[in-house]
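Let me begin by presenting the structure, written as structure tokens, before commenting on it.
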Amino acid sequence: IFFQQINLRLILVSGKTKEFLFSPNDSAADIAKHVYDNWPMDWEEEQVSSPNILRLIYQGRFLHGNVTLGALKLPFGKTTVMHLVARETLPEPNSQGQRNREKTRESNCCVIL
């Protein structure tokens, strides 16, 4: 059986990039662990102490650890770009806040990276 894979181009804050292949079943946490375990040589200056602080950002949003690539409906055979940052904690998911904001039109700004 031919196995579909998703090509991710990960970009560091420094602008360095590297491409990796993942399965649709891989989660954000799996990806962080894989990248940490296979840290590219030319990323040496950006090496982190633990995979647990590596965070993926896709279309401006932090991906929580259990989100799979399949759930994001990423295309096979094309390169998807994500940012990879080292960050201890994630902002809380604000789906509820998002809905409330749309109703009331108030704004609770801002995410600082």
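The values are calculated or read from the model by the stated rules, or taken from the named source; none is laboratory data. These numbers were taken from a predicted model, which means no experiment stands behind them. Cβ atoms come from the backbone with ideal geometry, glycine included; neighbour counts cover every protein chain shown. Just the protein is used for accessible areas: all its heavy atoms, side chains included, with ligands, DNA and RNA removed. Shrake-Rupley method; radii C 1.70, N 1.55, O 1.52, S 1.80 Å.
Within the range 32-77, the set of residues being without any contact (Cβ under 8 Å) to a residue 60 or more places away in the chain, within 18 Å of Asn7 (Cβ to Cβ) and touching an Asp or Glu at 6+ places or on another chain (Cβ under 7 Å) comprises Thr68 only.
Can you pull out the strands (runs of 3 or more DSSP E) entirely within the range 1-79 that have at least 2 residues that are open to solvent by less than 50 Å² (accessible area, probe 1.4 Å) and under 23 Å from Thr89 (Cβ atoms)?
The strands (runs of 3 or more DSSP E) meeting that bar are 6-11, 54-58.
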